[in-house]
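Worksheet: one structure, shown below.
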Amino acid sequence: MREPIRDKNRLQHILQAIDTILDRIDGVTFEDLTNDKILFGGIVYYTLIIGEAAYKLSKPFTDNNPQVNWRDIADMRHHLVHGYYQVDSNIVWAVIQNDLRPLKEQVKRLLNDTDWEQWEQTNEE
């Protein structure tokens, strides 16, 4: 049986997805993003990973870390998946420009500042 993915792993997935987006978007303009459907789709895909990982974090973890708006992150994922036919490129661009870097710093802080051994002992899934 496979070991369950825990909060620490989900945060690492968020961080990896953010890094993938930021590495690829460096020097890209809004017009570049909207004109390149493969690039746009890739950015949306990694945004989905961020949202799914945030959505799957345990309730005790999200409740214990309200400084991150986990609900909005998960809602973005739900909108991208269920409203795939009406994804607003302006919103995706705004997330890239305004939200990913601060989220990256928050996630890095959570990964570094959490006593993961203690957390997993007291919050088993």
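Taken together, the values in this text are just the output of simple stated rules run on the coordinates, not laboratory data. In this text the structure is predicted, and so the values were computed from the model without any measurement. Here the Cβ is made from the backbone with ideal geometry for all residues, glycine too, and neighbour counts use every protein chain on show.
On the stretch given as segment 14-25, residues that are surrounded by 18 or more Cβ atoms within 10 Å (Cβ to Cβ) and either out of contact with any Lys or Arg (no Cβ under 9 Å at 6 or more places or on another chain) or within 19 Å of H79 (Cβ to Cβ) (or both) total 5. For segment 49-65, the criterion of being under 21 Å from Q12 (Cβ atoms), touching a residue at least 60 places away in the same chain (Cβ under 8 Å) and polar (S, T, N, Q) is satisfied by at least one residue. Note on segment 86-107: among residues that are within 12 Å of the chain's Cα centre (by Cα), of a type outside the set (D, E) and surrounded by 11 or more Cβ atoms within 10 Å (Cβ to Cβ), the one that is farthest from G42 (Cα to Cα) is Q106.
Before we move on, is I5 without any contact (Cβ under 8 Å) to a residue 60 or more places away in the chain, in contact with a Lys or Arg (Cβ under 9 Å, 6 or more places away or on another chain) and loosely packed, with under 15 Cβ neighbours inside 10 Å? It is true that I5 is without any contact (Cβ under 8 Å) to a residue 60 or more places away in the chain, in contact with a Lys or Arg (Cβ under 9 Å, 6 or more places away or on another chain) and loosely packed, with under 15 Cβ neighbours inside 10 Å.
The number of residues in segment 32-64 that are of a type in the set (D, E) and under 15 Å from the mean Cα position of the chain (by Cα) comes to 1. If I ask for residues that are over 14 Å from A17 (Cα atoms) and among the aliphatic types (A, V, I, L, M), which ones from segment 76-125 would you list? Listed by number, the residues that qualify are M76, L80, V81, V87, I91, V92, A94, L110, L111. Just the residues that are surrounded by fewer than 16 Cβ atoms within 10 Å (Cβ to Cβ), under 14 Å from the mean Cα position of the chain (by Cα) and not in a helix (DSSP H, G or I), please, taken from segment 65-85. Correct list: N69 only. Within segment 44-64, being surrounded by 18 or more Cβ atoms within 10 Å (Cβ to Cβ) and not in a helix (DSSP H, G or I) holds for one residue alone: L57. Among the residues of segment 85-109, the ones that are in contact with a helix residue (DSSP H, G or I) (Cβ under 6 Å, 6 or more places away or on another chain) and touching a residue at least 60 places away in the same chain (Cβ under 8 Å) come to 5 in all.
The set of residues in segment 34-43 being without any contact (Cβ under 8 Å) to a residue 40 or more places away in the chain and part of a helix (DSSP H, G or I) consists of N35, K37, I38, L39, G41, G42.
Applying the selection to segment 26-43, what residues are over 22 Å from Q12 (Cβ atoms) and either in contact with a Lys or Arg (Cβ under 6 Å, 6 or more places away or on another chain) or crowded, with 17+ Cβ neighbours inside 10 Å (or both)? Result: L33, F40.
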